[in-house]
Amino acid sequence: MEPSIPLRPLGRSGVRVPALGVGTNRWGRGRGVDQLGPVFSAALDAGANLFDTAEVYLGSEKTIGACLRRDPRPALVVTKFAPYPTRLSARSFDKALEGSLARLGMSAVDLYLIHFPFSLVGIPSLMDRLAEAVQAGKARAVGVSNFSARQMLVAAERLERHGVPLAAAEVQFSVFHRGPERNGVLAACRELDVALIAYRPLAGGRTRRDGTALDRTLAGIARARQKTVAQVALTWLLGKDERVVAIPGATSVEHLRENVGAAGWTLGDEELAALERSSA
Ligand SMILES: NC(=O)c1ccc[n+]([C@@H]2O[C@H](COP(=O)([O-])OP(=O)(O)OC[C@H]3O[C@@H](n4cnc5c(N)ncnc54)[C@H](OP(=O)(O)O)[C@@H]3O)[C@@H](O)[C@H]2O)c1
């Protein structure tokens, strides 16, 4: 039997998600439910029933909507609002969220994020819109993506005025890209009690090279533990902090099954020290 994937809280929102989900930014672009329905169902079978999408992922929301109709078991969906310069009004925010909900075929998303912080309306105003989405029952939890630690603080304080917690910060984070440990974002997640959703956890599929010291260390641990490099990279990430949730992108059942195999085991102190040295 597959090891079960632990649930982790999205901050203080009351929503809990599996520590390993599925990134779906390539679930549109001509790929549909015929190809991805089996990947979606394999994720549900494994308990990795968290799907990260966005209105800008060219058809991904529509594919997930079709997958949800094909396999109606419980699934959790994260989607995102892109604060383009033309989107200045509350009406444009509502329209975008309604569009996402219609494509997904859902009445509420589990987590709604502001995709990036650059916006003419400013972070406080975007947080007012997110709080309204929670109050209207259209989002169970809300958060931000690609925000700095300082921008997270502004966001959290504004949401608190509405009695809504900042639930998650989605940023690039992996053993290949350790920015959040250095730029204050991981520390801000700890201080503010916010989940860190790690995107590009496999550095875009960088798992079969052996050029750098890091690649060689990962490959050595994988061999010794009878795991794959992707599994070692994901296990490292999940072990970093109990707030981390990883969303490796996968468009095949093979990759999906491999990635969920990162749950249920941990790295030892010596392995962690070797990874620390080679990824510094
Ligand atoms: N918030 C943001 O601004 C933002 C930005 C970027 C990404 N994201 C989210 O994060 C998710 C993950 O990022 P990502 O997809 O760019 O990068 P990633 O998860 O690091 O890598 C995905 C790539 O790795 C391959 N792969 C998956 N599992 C593998 C395995 N076990 N062994 C070898 N290769 C494997 C995939 O191939 P196959 O497709 O063939 O399975 C795909 O080419 C995205 O899907 C998206 O949901 C968010």
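Numerical summary
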{"read-out": "Any hit, region 26-39, residues being in contact (Cβ under 8 Å) with a residue 40 or more places away in the chain, under 22 Å from Ala233 (Cα atoms) and more than 11 Å from the chain's Cα centre (by Cα)", "value": "yes"}
{"read-out": "Any hit, region 215-226, residues being under 20 Å from the mean Cα position of the chain (by Cα) and closer than 15 Å to His177 by Cβ", "value": "no"}
{"read-out": "Enumeration of residues in region 37-46 that are open to solvent by less than 30 Å² (accessible area, probe 1.4 Å) and either at positive phi or more than 10 Å from the ligand (Cβ to nearest atom) (or both)", "value": "Gly37, Phe40, Ser41, Ala42, Ala43, Leu44, Ala46"}
{"read-out": "Set Ala230, Ala195: member being small (Gly, Ala, Ser), within 24 Å of Ala43 (Cβ to Cβ), within 13 Å of the ligand (Cβ to nearest atom) and modelled with pLDDT of 95 or more", "value": "Ala230"}
{"read-out": "Qualifying positions in region 110-138 - touching a helix residue (DSSP H, G or I) at 6+ places or on another chain (Cβ under 7 Å) and in a strand (DSSP E or B)", "value": "Tyr112, Ile114"}
{"read-out": "Those residues of region 164-189 which are assigned to a loop (DSSP other than H, G, I, E, B) and open to solvent by 20 Å² or more (accessible area, probe 1.4 Å), in sequence order", "value": "Pro165, Phe176, Asn183, Gly184"}
{"read-out": "Some residue of region 236-243 being in contact with a Pro (Cβ under 8 Å, 6 or more places away or on another chain), of a type in the set (A, V, I, L, M), within 15 Å of the ligand (Cβ to nearest atom) and not in a helix (DSSP H, G or I)", "value": "no"}
{"read-out": "Residue list for region 190-204, filter: part of a loop (DSSP other than H, G, I, E, B) and either buried (at least 23 other Cβ atoms within 10 Å of the Cβ) or touching a Leu at 6+ places or on another chain (Cβ under 8 Å) (or both)", "value": "Val194, Pro201, Leu202"}
{"read-out": "Failed criterion for Arg8 (all others in (1) over 18 Å from Met106 (Cα atoms); (2) of a type in the set (D, E, K, R); (3) open to solvent by 40 Å² or more (accessible area, probe 1.4 Å) hold)", "value": "(3)"}
{"read-out": "Every residue from region 205-221 that is under 20 Å from Phe173 (Cβ atoms) and surrounded by 15 or more Cβ atoms within 10 Å (Cβ to Cβ)", "value": "Arg206, Thr207, Leu214, Asp215, Thr217, Leu218, Ile221"}
{"read-out": "Hey, Leu218 within 19 Å of Phe40 (Cα to Cα), aliphatic (A, V, I, L, M) and assigned to a helix (DSSP H, G or I) or not", "value": "no"}
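Here is a yes/no grid of residues against (1) surrounded by fewer than 20 Cβ atoms within 10 Å (Cβ to Cβ); (2) among the β-branched types (Val, Ile, Thr); (3) closer than 20 Å to Gln135 by Cα:
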| position | (1), (2), (3) |
| --- | --- |
| Tyr57 | no, no, no |
| Ile64 | no, yes, no |
| Cys67 | no, no, no |
| Asp94 | yes, no, yes |
| Ser107 | yes, no, yes |
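The values are calculated or read from the model by the stated rules, or taken from the named source; none is laboratory data. Being a predicted model, the structure only gives us computed values, none of them experimental. Cβ coordinates were reconstructed from backbone atoms using ideal geometry, including for glycine residues, and neighbour counts include every protein chain displayed. These accessible areas exclude ligands, DNA and RNA; they are computed on the full protein's heavy atoms, side chains included. Shrake-Rupley method; radii C 1.70, N 1.55, O 1.52, S 1.80 Å.
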